[in-house]
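The values are calculated or read from the model by the stated rules, or taken from the named source; none is laboratory data. Since the structure is predicted, the reported quantities are computational estimates derived from the model, not experimental observations. All Cβ positions, even for glycine, are placed from backbone atoms using ideal geometry, and neighbour counts span all protein chains on display. Only protein heavy atoms, including side chains, enter the accessible area calculation; ligands, DNA and RNA are left aside. Shrake-Rupley method; radii C 1.70, N 1.55, O 1.52, S 1.80 Å.
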Amino acid sequence: MSDTRDLAEAESVQLTSELIRIDTTNTGDPATVVGERAAAEYVAEKLAEVGFDTTYVESGAKGRGNVFARLEGADPSRGALLVHGHLDAVPADPSEWSVHPLSGAVQDGYVWGRGAVDMKDMVAMTLATARRFQRDGVVPPRDIIFAFLADEEAAGDYGSQWLVRNRPELFEGATEAISEVGGFSITVKDDVRAYMIETAEKGIAWLKLRVRGRAGHGSMVHEDNAVTKLTQAVARLGTHKFPLVLTESVREFLAAMSEITGMEFDEDDLEGAVGKLGAVARMVGATIRDTANPTMLTAGYKANVIPSVAEAVVDCRVLPGREAAFERELDEILGPDVEREWVAKLPAVETTFDGALVDAMTASIVAEDPGARTVPYMLSGGTDAKAFDSLGIRCFGFAPLRLPADLDFAALFHGVDERVPVDALKFGTRVMDRFLRSC
Ligand SMILES: [Zn+2]
């Protein structure tokens, strides 16, 4: 038994490294995307090698490769568990890195490279576990659908969103799902760790603003300047503080952290409470209010010509249940002269932190890290969970990693020198194995 466990642990490291070496850079511009097909074929080969039947699907465009495999469970009357991971990664500039971002170097106790934590690590741990199950003839308690997906890093138009719209049968029978940005540890005291399990995500609302004015000569007195009006609106919005809102996920997170640390988190002073959280304060701080960050500006074509149109893009992230209130507040801030249009809009998702699946997550973590605690949290970003939530699937972020106390994990996502500890991969593979046997 331990032979195949050791093999799975070793494979999780090797697969992470090899997946990093397959360049799957997703710039967001479909014309430049590379490697998703190669990565999907690599994954399919690793699954076929141990006897899985795989399905390859291109989502909306040539080369946007996705791979699916199903492992039959003991009780077909139960809903299936969807285990999904994305194969694409964001760009990386090699000149900024200590090692080449596509090297997949295994050194100093880490696997280095773009995608090491987002999320070729989880893809590798899933693959290693699936391969072990197939080799050992493990029958999980319920059907498991393995899905390896394209285009998560550009909101899934050529990945999860396309698949749920055009090929929903691939997810038929799935009732719950696990994937990225959860299951990692933060050290709360000495050797006690809390594992953050994602139960909610803010909504994504990318907003285009447009102001029309009167074109004219830059040398004249001009009252109706589109650039001036737009930038005033952008500044109002960018400096606006949306109200503090305590959602159920954040309330549960603070309650659990209070229980573990003995610290008091005053619900009437949310900013103060978040400030006490140390390493995760920045992450949690983005989930106690809506945000609107201006990210792009476009106007004009010559120094002495006042253009008739000016445009901006604002990245808005909205808490669950706040959509209507957010729009009302937005319109008040922008005023009547600014036209607005959503260029992307994906709703917030939120589920509860309870039930047999959550118990199985906690038990598998505690079995490998005695004294550990699991806590629910809300992600300020978005993942493929948004697409699967629209099919009525309960989604969790559970990619288990036991991390060193001093590692700034949040900074590694899309960051320079992205890397994952070898020990954490092995730990995560053991947890994944226990979890999928008891899901
Ligand atoms: Zn990701």
_In Å, descending, principal axis extents of the Cα set of the range 266-340_ = 53, 28, 17
*Pull out the extension gain between residue 245 and residue 414, defined as 0.36 nm times the separation in residues minus the alpha carbon to alpha carbon distance; nm, one decimal.*
58.1 nm
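Could you look at the range 1-68 and say what percent of its accessible area is carbon and sulfur, using a 1.4 Å probe and all protein chains?
48
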*Where the centre of each part is set by its Cα atoms, how far does the range 314-340 sit from the range 400-439, in angstrom?*
37
*If you average over every viewing direction, what projected area does the convex hull of the Cα atoms of the range 253-405 give, in nm²?*
13.6
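Tell me the net charge near residue 389. Cut-off is 15 Å between Cβ atoms, residue 389 excluded, with +1 for each Lys or Arg and -1 for each Asp or Glu. Could the numbers behind the result be given before it?
Values: positive: 165, 202, 345, 386, 394; negative: 152, 176, 180, 198, 201, 323, 350, 384.
Taking every Cβ under 15 Å from that of residue 389, the sum is -3.
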*In a shell of Cβ-Cβ distance under 15 Å around residue 309, excluding residue 309 itself, what net charge do Lys and Arg (+1) and Asp and Glu (-1) give?*
+2
*Which values, in whole Å and largest first, are the semi-axes of the equivalent ellipsoid of the range 228-317 obtained as the square root of 5 times each eigenvalue of the Cα gyration tensor?*
40, 11, 10
*Local electrostatic count at residue 52 - Lys and Arg +1, Asp and Glu -1, tallied over other residues with Cβ under 10 Å*: +1
*For the range 219-373, report the accessible area per residue in Å² (1.4 Å probe, heavy atoms, rounded to an integer).*
52
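For the range 299-383, compute Rg over Rh where Rg is the Cα radius of gyration and Rh is the Kirkwood radius from the inverse mean 1/r over Cα pairs.
Working: Rg = 22.1 Å, Rh = 17.7 Å.
A ratio of 1.25.
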*Once Rh for the chain is found with the Kirkwood sum over Cα pairs, what is the Stokes-Einstein diffusion coefficient at 4 °C and 1.567 mPa s, in µm²/s?*
56
